[in-house]
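Right, one structure below, let's go through it.
Values quoted throughout were computed directly from the atomic coordinates according to the rules given, and no laboratory measurement underlies them. Only a predicted model underlies this, so the values are computations on that prediction, with no experimental measurement involved. All Cβ positions, glycine included, derive from the backbone under ideal geometry; neighbour counts span all protein chains shown.
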Amino acid sequence: ALRKAWQARGGQMLTQARQAQLLRAVYAPEQTREQLVWFWLNHFSVYADKGRVKWMAADYMENAIRPHATGKFADLVMATLESPAMLEYLDNAKNAKGKVNENYARELMELHTLGVHGGYSQQDVQQLALILTGAGLVPVK
């Protein structure tokens, strides 16, 4: 019963975040800024139904994307890199010494920055994954 209530609350939080996003898109006085927020949310997307991401979706939009939507790309990339939602979504929460997970490193290069044919190698992905080792979330016990 507790798990079901917990999941329901997560769903409510996600719905509220989506409603706030829609209301801003319609009524915000800075429509260009809102279009950029939508653009960057699509570019640096997270799947809200994966793991604990639904509890982090509103924070991701408000603290990783929105403050950097009209700023420097490097600052936006760093904000997403530090976001619990992105770390959870792309499995960097599981990237640890001795158990390196390349998923986030590959997506960071392939989808978020350099592109599919961006001139990086598998070794580059592995090295970036090692750099990102330990950038994760505190496990919930």
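The set of residues from region 15-45 being surrounded by fewer than 18 Cβ atoms within 10 Å (Cβ to Cβ), of a type outside the set (S, T, N, Q) and not in a helix (DSSP H, G or I) comprises Ala28, Pro29, Glu30. The single condition from (1) without any contact (Cβ under 8 Å) to a residue 12 or more places away in the chain; (2) more than 9 Å from the chain's Cα centre (by Cα) that Lys97 fails is (1).
Within region 111-137, the set of residues being surrounded by 14 or more Cβ atoms within 10 Å (Cβ to Cβ), assigned to a helix (DSSP H, G or I) and β-branched (Val, Ile, Thr) comprises Val125 only. Scan region 1-14 for residues that are part of a helix (DSSP H, G or I) and more than 19 Å from Ala64 (Cβ to Cβ) and jot them down. Across region 1-14, the qualifying residues are Leu2, Arg3, Lys4, Ala5, Trp6, Gln7, Ala8, Arg9, Gly11, Gln12.
With respect to Glu34, is the statement that it is farther than 29 Å from Ala105 by Cβ, free of Cβ contacts under 8 Å to residues at least 60 places away in the same chain and acidic (Asp, Glu) true? Considered against the rule, which asks whether it is farther than 29 Å from Ala105 by Cβ, free of Cβ contacts under 8 Å to residues at least 60 places away in the same chain and acidic (Asp, Glu), Glu34 comes out as yes. Residues to consider are Ala79, Ala48; find the one that is surrounded by 16 or more Cβ atoms within 10 Å (Cβ to Cβ) and outside any helix (DSSP H, G or I). Within the list Ala79, Ala48, the selection yields Ala48.
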